[in-house]
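No value in this document is a laboratory result; all are computed from the given coordinates. Because the structure is predicted, anything quoted here is derived from the model rather than measured. For neighbour counting, all protein chains shown are included, and Cβ atoms are generated from backbone atoms with ideal geometry for every residue, glycine included.
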């Protein structure tokens, strides 16, 4: 699979749907691909099995300019568990069944893949931003 923006998030964004704006709490989750396979039909974080979610962190210092969404590089603290080959960006509503999946990355992300060893894992976002609409 290549990097992708989840189509159902784009659909919700275009319709100004609930929990589609990137202005709230935006999370990044390290994902084990032995337990998760990307699907364009996935819509909410509940579609990513709990066994596949290795660590999550909120994105900080978010910016929005010229259709580009960006944030500070993300550090996941004291990560343990399965190897992580991908990253999922999602909007946290506090409820898994309404927390929208935004983007999926399995290539071109500095810091991935990684085998957790109890230390911190830093993900360096692309210099041109996390995503562009």
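Test of understanding: among 64, 104, which residue is under 17 Å from residue 131 (Cβ atoms), more than 14 Å from the chain's Cα centre (by Cα) and part of a strand (DSSP E or B)? Show your work before the answer.
Working: 104 fails: more than 14 Å from the chain's Cα centre (by Cα).
One residue alone meets the criteria, 64.
Looking for something in contact with a helix residue (DSSP H, G or I) (Cβ under 8 Å, 6 or more places away or on another chain), surrounded by 20 or more Cβ atoms within 10 Å (Cβ to Cβ) and closer than 26 Å to residue 117 by Cα - is there at least one such residue anywhere in segment 62-76? Walk me through it before giving the result.
So in segment 62-76, the residues in contact with a helix residue (DSSP H, G or I) (Cβ under 8 Å, 6 or more places away or on another chain) come out as none.
No, segment 62-76 contains no residue that is in contact with a helix residue (DSSP H, G or I) (Cβ under 8 Å, 6 or more places away or on another chain), surrounded by 20 or more Cβ atoms within 10 Å (Cβ to Cβ) and closer than 26 Å to residue 117 by Cα.
Taking segment 107-129 on its own, how many of its residues are part of a loop (DSSP other than H, G, I, E, B) and farther than 14 Å from residue 31 by Cα?
Restricting attention to segment 107-129, the residues satisfying the condition of being part of a loop (DSSP other than H, G, I, E, B) are 107-109, 111-113, 115-120, 125-129.
Subsequent filtering for residues that are farther than 14 Å from residue 31 by Cα retains 108, 117-120, 125-129.
Residues flagged as part of a loop (DSSP other than H, G, I, E, B) and farther than 14 Å from residue 31 by Cα within segment 107-129 amount to 10.
Determine if segment 68-79 includes at least one residue that is closer than 15 Å to residue 26 by Cβ, outside any loop (DSSP other than H, G, I, E, B) and over 15 Å from the mean Cα position of the chain (by Cα).
yes
Do any residues in segment 112-126 that are free of Cβ contacts under 8 Å to residues at least 12 places away in the same chain and at positive phi have Cβ atoms under 6 Å from those of residues that are part of a loop (DSSP other than H, G, I, E, B) and surrounded by fewer than 12 Cβ atoms within 10 Å (Cβ to Cβ), where the two are at least six apart or on different chains, and which pairs are they?
The qualifying pairs do not exist here.
Applying the selection to segment 14-51, what residues are part of a helix (DSSP H, G or I) and within 13 Å of residue 90 (Cα to Cα)?
First pass over segment 14-51, keeping only residues part of a helix (DSSP H, G or I): 14, 45-47, 50-51.
Once the filter is applied, which keeps residues that are part of a helix (DSSP H, G or I) and within 13 Å of residue 90 (Cα to Cα), segment 14-51 yields 45, 46, 47.
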